[in-house]
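Enquirer: Before anything else, here's the structure in question.
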Amino acid sequence: MIDQYNRDINYLRISVTDRCNLRCRYCVPKEGFSLIGHDDILRYEEILRVVMIAVKMGIKKVRITGGEPLVRRGVIDFIATLNLIEGIEDISLTTNGVLLEDAAERLFTAGARRINISLDSLDPEKYHRITRGGDVHAVQKGIQKVYETGFSPIKINIVAIKGFNDDEVLKFAELTLDKPYQIRFIELMPLGFAGMENLGKFLSNDLIKEEIGRHYELEALEGNRKKSDGPADMYQIKGGAGKIGFISPLSHHFCESCNRLRLTADGHLRACLLLDDEIDLRTPIRAGCTNEHLESLLRSAVAKKPVGHQMNLEERHMKKCLKEMTSIGG
C-alpha cells in the first residue's frame with residue numbers, strides 16, 4: 001500500500017490487550033485510568049480477519065504489542081495461527097519481559113523470531129519504582145532465555161528519562177560489548193495523562209549519544225542498516241558484539257519513512273502513533289460488514305496518514321494525543 005507521500009505501508013502493529021502486569025509511570029497515569037471493557041477488546045478471530053485482508057493489501061510485517069501481550073490468554077496460539085497466513089514475512093513481539101522466561105520457547109515454536117523488551121533501569125529499586133512493583137531480575141532472566149532460545153535480533157528498549165535513568169546510559173551501552181543485543185534509547189513521548197505527568201523529563205538522544213561517545217568510539221552503521229532496525233539510527237561501539245540504536249521521534253522526526261499502521265486493543269485503526277485520528281473497525285466487523293468494506297476502511301486509513309506528527313520540543317502539551325500508550329500499543 002503506497003500512501004499519498006509515497007511511503008510503502010507494509011507494517012501492522014497489533015495491540016491485543018490494554019492490560020499489563022506493570023504500571024510504568026510514563027505509560028499509565030497515577031490515577032484515573034480506565035481499562036477497556038472485555039467485550040470491547042477485539043477477539044482473536046476478528047484480529048485475524050483484519051490481518052488477512054491487510055496482508056492481501058501489502059502488509060508483510062506484524063508486531064504483537066499490548067499493554068503486555070503475554071497476559072492475554074491464548075496469545076501464543078494466536079501467534080502460531082498468524083504464522084500460517086501466507087504473505088506474512090515477519091512476526092515480532094514487544095513485551096516487558098516479566099513473563100518471558102517461561103514463554104520464550106513456546107513463542108519461538110509459534111513462529112516469533114524477533115523480540116523487543118522494555119527495560120528502563122538495571123537497578124532493582126529504580127526498576128521497582130518506575131514500574132510500580134516490577135522485578136528487574138525476572139526481566140533479566142527472560143532476556144537470557146530468549147538469547148539461549150535463538151531469538152534475533154533481541155532489542156532492549158530504554159525510555160530515556162531525565163533525572164531517572166540518565167545516569168545508567170553507559171551501563172546500558174556496555175551490554176553490547178559482549179552480547180549481540182540491540183540497546184535502543186527511545187525519547188520520552190508525551191502520550192495521554194501519563195505524558196502530562198512526565199512533562200519536563202524529556203532527554204534528547206543527542207545528549208545520550210554524546211555521553212557514550214565520551215567513553216567509547218561509536219561507529220555509525222548507516223551503510224549496514226537492516227530493515228529490522230526500524231526508525232533507529234544505528235551505531236556500534238568499536239569492537240562490540242551488539243548495536244546501539246537511537247529512536248528520536250521528537251528531536252529528529254522520522255515520519256518520512258514511517259511504514260506503520262496500528263490496530264488498537266479496542267479495534268481502531270490508527271495511522272500515526274502521536275495523533276488521535278482513528279478509524280473504527282470493531283463496530284462494522286460486529287455489524288457483519290463485508291471484507292470489501294473492511295478493505296475500504298484500511299485504504300481510508302492509509303489515505304489519511306499524515307506527512308508527520310507535527311509535535312516538537314516546544315509543544316509537549318498533549319493536545320494531539322490523548323490516548324494512553326497502553327491502549328495504543330506503541
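Enquirer: Can you confirm whether segment 119-135 contains a residue that is modelled with pLDDT of 95 or more, under 26 Å from VAL62 (Cα atoms) and not charged (D, E, K, R)?
Expert: Yes, segment 119-135 contains a residue that is modelled with pLDDT of 95 or more, under 26 Å from VAL62 (Cα atoms) and not charged (D, E, K, R).
Enquirer: Here are some conditions: (1) part of a strand (DSSP E or B); (2) in contact (Cβ under 8 Å) with a residue 40 or more places away in the chain. ILE91 meets all but one. Which one does it not meet?
Expert: (2)
Enquirer: Go through segment 26-60 and report how many residues are touching a residue at least 40 places away in the same chain (Cβ under 8 Å), part of a loop (DSSP other than H, G, I, E, B), on the phi < 0 side of the Ramachandran plot and surrounded by fewer than 20 Cβ atoms within 10 Å (Cβ to Cβ).
Expert: 5
Enquirer: If you go through segment 81-113 one residue at a time, how many are buried (at least 19 other Cβ atoms within 10 Å of the Cβ) and not hydrophobic (A, V, I, L, M, F, W, C)?
Expert: Qualifying residue count, segment 81-113: 5.
Enquirer: If you don't mind, another one. Given (1) in contact with a helix residue (DSSP H, G or I) (Cβ under 8 Å, 6 or more places away or on another chain); (2) in a loop (DSSP other than H, G, I, E, B); (3) surrounded by fewer than 19 Cβ atoms within 10 Å (Cβ to Cβ), identify the lone condition not met by ARG23.
Expert: (1)
Enquirer: Yes or no: THR81 among the polar types (S, T, N, Q) and under 16 Å from the mean Cα position of the chain (by Cα)?
Expert: no
Enquirer: Condition test on MET234, is it under 17 Å from ASN116 (Cβ atoms), modelled with pLDDT of 95 or more and of a type in the set (A, V, I, L, M)?
Expert: Answer is yes for this residue.
Enquirer: Name the residues in segment 237-253 that are assigned to a strand (DSSP E or B) and modelled with pLDDT of 95 or more, would you?
Expert: Answer for segment 237-253, where residues must be assigned to a strand (DSSP E or B) and modelled with pLDDT of 95 or more: ILE237, LYS243, ILE244, GLY245, PHE246.
Enquirer: Something else: Test of understanding: among ARG106, ARG73, ARG129, ARG114, which residue is under 17 Å from the mean Cα position of the chain (by Cα) and on the phi < 0 side of the Ramachandran plot?
Expert: ARG114
Enquirer: Suppose we filter segment 118-136 for residues that are assigned to a loop (DSSP other than H, G, I, E, B), small (Gly, Ala, Ser) and surrounded by 16 or more Cβ atoms within 10 Å (Cβ to Cβ); how many remain?
Expert: Selection size over segment 118-136: 2.
Enquirer: A follow-up question, please. Please go through segment 267-278 and give me each residue that is part of a strand (DSSP E or B) and either out of contact with any helix residue (DSSP H, G or I) (no Cβ under 6 Å at 6 or more places or on another chain) or surrounded by fewer than 19 Cβ atoms within 10 Å (Cβ to Cβ) (or both), ordered by number.
Expert: If the condition is that a residue be part of a strand (DSSP E or B) and either out of contact with any helix residue (DSSP H, G or I) (no Cβ under 6 Å at 6 or more places or on another chain) or surrounded by fewer than 19 Cβ atoms within 10 Å (Cβ to Cβ) (or both), then HIS268, ARG270, GLU278 are the ones that fit.
The values are calculated or read from the model by the stated rules, or taken from the named source; none is laboratory data. Here the structure is a predicted model, which means the values were calculated and not measured. Cβ: placed from backbone, ideal geometry, glycine included. Neighbour counts: every protein chain shown.
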